[in-house]
1. By Kyte-Doolittle mean hydropathy of at least 0.5 and Cα axial length of at least 30 Å, which whole DSSP H helices of the chain are selected?
2. Kirkwood hydrodynamic radius, segment 3-214, all distinct C-alpha pairs: what's the number in Å?
3. Picking from SER166, LEU190, ILE51, whose Cα lies most toward the positive end of the charge dipole for segment 3-214 (charges on Cβ: Lys, Arg +1; Asp, Glu -1)?
4. Carbon and sulfur: what percent of the chain's accessible surface (1.4 Å probe)?
5. Rolling a 1.4 Å sphere over the protein heavy atoms, what is the accessible area per residue of segment 98-228, to the nearest Å²?
6. Cut-off 10 angstrom, C-alpha nodes, Gaussian network model of the chain. Which of VAL62, VAL103, VAL160 fluctuates the most?
7. Out of ARG193, ARG52, ARG97, any idea which swings most in a Gaussian network model of the chain, alpha carbons joined below 10 Å?
Amino acid sequence: MSPVSGVRHFHEELARLKSQLLDMSGLAEELVARSMMALRQRDADLAQEVIRRDNDLDAMEVMIDDMCIHLLALQQPMARDLRLITMAMKISNDLERVGDHAVNIAEAVRHLADHPVYLEFPEIEEMGRLATEMLSDALDTFVRADAEGAREVCRRDDRVDGLHNSLFRILLTHMMEDPRRIGASMSLFLVSRNLERIGDLATNIAEDVVFLVEGRNIKHNSSLGHDMR
């Protein structure tokens with residue numbers, strides 16, 4: 001293979017890697033959305049489907065890892081290409097964990113299906129919407145190499161955390177007022193906790209995008225929302 005052909009092949013492989021990562025992101029988002037639908041509808045069958053399809057997400061992570069290892073071993077990339085491949089491995093791991101949290105929500109749904117109808121909490125709906133949007137937007141910034149957009153995704157995580165803390169206080173009040181609600185309240189708290197973790201993982205991906213684009217690590221940086229341009 002000529003040097004020119006080799007370079008072309010390498011960039012084709014990078015494009016394929018990005019495409020596979022987007023496919024994995026799409027499935028992760030779908031699992032979160034369907035777990036939330038199962039929660040709203042108290043649909044144990046839909047919850048079971050989420051649990052089953054998590055195996056597909058696991059297989060996609062293995063495929064992406066294999067692609068990355070192949071590129072690292074045979075192409076010996078440098079600079080930004082190297083960061084892209086290593087970040088792809090990390091992002092695929094984060095997406096696999098998103099699937100695990102969707103499964104946890106689905107398992108909570110199966111538990112809630114055995115309890116009397118409980119109050120609806122708009123905080124959970126809003127958390128689900130925010131976490132899913134953060135995940136989608138974080139991968140979009142990855143494709144566009146948009147560091148500023150990634151920072152904006154990171155800033156939204158405070159809103160998810162605030163909703164999680166608010167819901168905890170509400171559920172605690174319900175449990176103290178009526179001990180019969182403790183089981184269902186704990187399941188709803190676990191749903192909230194898993195949505196909060198999905199928001200954290202979307203933030204991790206966005207932070208990786210900033211590192212990919214700028215070579216700059218912004219993790220645990222308190223000035224993220226201020227002078228980071």
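The values are calculated or read from the model by the stated rules, or taken from the named source; none is laboratory data. Predicted model, so just to flag it, every value in this text is computed and none were measured. When we count neighbours, we look across all protein chains shown, and the Cβ atoms used for this are built from the backbone with ideal geometry, even at glycine. Just the protein is used for accessible areas: all its heavy atoms, side chains included, with ligands, DNA and RNA removed. Shrake-Rupley method; radii C 1.70, N 1.55, O 1.52, S 1.80 Å.
1. Result, helices passing both filters: 182-214.
2. About 18.1 Å, per the Kirkwood formula over Cα pairs.
3. SER166
4. Working: 5980 of 11280 Å².
Answer for the chain is 53 percent, counting heavy atoms of protein chains only.
5. Numbers: 6030 Å² over 131 residues.
Here the per-residue accessible area is 46 Å².
6. Evaluated over the chain, the most mobile residue of the options is VAL62.
7. Fluctuation is largest for ARG52.
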